[in-house]
Amino acid sequence: MIRPRINRATSGRRRLMNGSQWADHLIQPHFVVSGNGVDEPIDSLVGINRQSVDVLMETVASDMALGISAVMLFPVIDKSHRDATGTMASTPDNPLIQATRSLREKHGESLVILADVCLCTYTDHGNCGIIVNGHIDNDSTLPHLTRQAIALADAGVDYVALSDMMDHRVAHVRSGLEKEGHTTTGILAYSAKYASSFYGPFQEAAHSAPSKWGRSSHQMDFRSTVREALLEVDMDIEEGADIVMIKPALPYLDIISAVADRSLRPVAAYHVSGEYAMLNSVAKDDDHLGRMVNETLHSIRRSGAELIVTYHARRALEQGWLT
């Protein structure tokens, strides 16, 4: 089911889709932990911290003052709260649910909240799906993802961001949301998500590295054809995705371009943690970094991405790097 009104349901979403400023189309990621007063730097992601909800509230308010009006939330779950099926994902103790509820209460519809839906950060094995007979089982995973999405919708999320790459998860989640009356909750689908070498810093930040099995059986092979990416995108749109996303961005500008030429739904790109760290590591100084970030984000936008998830959003706007 396609509901075009979802992307224009609030003032924040209309700005994200149609705004005329750079800041309108940038999405700042955040890593959310349980507790209070937590503001823990991430060594591999300089300038990005793991934060408890109370600290996150202050950070988001500061970001909004810069012009950022969209956030992507990722959970960081202590190992003691993980199990084989990721039970915590749909419970009130999930810091993502707590953060969503608090941010919505404070900022209303002016803030666009996107929240990750996957099992990797909640399971004790670190994989994106349920393990059955030594394999990641696609269909057994879908009900767990749907429960997680519904819990986030109950908390007030704008978009559930499906990062798991299970087949037909968009249809399953859309059906679940509709049955629960969440007809204005959107789905951002990681439609073409590659099994990439650029995810290392993120996996450290979220403590989400798989302990076994890996992700090559469900994430896309970097050698795969453009046709395979288009198939994934077409499936997700047909099943009800409101935004389709390509991840990573820079190694797959050709995929972004091909999808943008074809898609009638908004196209997003994720400028991932490894790309962020790569630019930071080679920058001679802040001015040099700013010029590289400006050039990089322009290339992603020129390839056809209307929305960009990037860890550089905050700094780029603070320093006036984007032209």
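222 nm [θ] for the chain, helices only, -39500 (n - 2.57) per DSSP H run of 4+, per residue, to 500? Don't jump to the answer; show the numbers that get you there.
On the way: 11 runs with 129 residues, N = 323.
My calculation for the chain gives -12500 deg cm²/dmol from helical runs alone.
Name the residues whose placed amide hydrogens come within less than 5 Å of the amide hydrogen of residue 70, ignoring near sequence neighbours (fewer than 5 apart) on the same chain.
For residue 70, whose amide H was placed from the backbone, the distant partners under 5 Å are 28, 112.
In square nanometres, what is one fourth of the surface area of the convex hull spanned by the alpha carbons of the chain?
14.7 nm²
Find how many whole Å separate the alpha carbon centroid of the stretch 75-94 from the alpha carbon centroid of the stretch 265-284.
The stretch 265-284 and the stretch 75-94 have Cα centres spaced 28 Å from each other.
Net charge within 10 Å of residue 138 by Cβ-Cβ distance, Lys/Arg positive one each and Asp/Glu negative one each, not counting residue 138 itself? Let's see the in-between values first.
Details: positive: 169; negative: 137, 139, 164, 167.
Combined, the nearby Lys, Arg, Asp and Glu give -3.
Rule-based calculations on the coordinates, nothing more; no lab input. Given the structure is predicted, the values throughout are model-derived calculations rather than measurements. All Cβ positions, glycine included, derive from the backbone under ideal geometry; neighbour counts span all protein chains shown.
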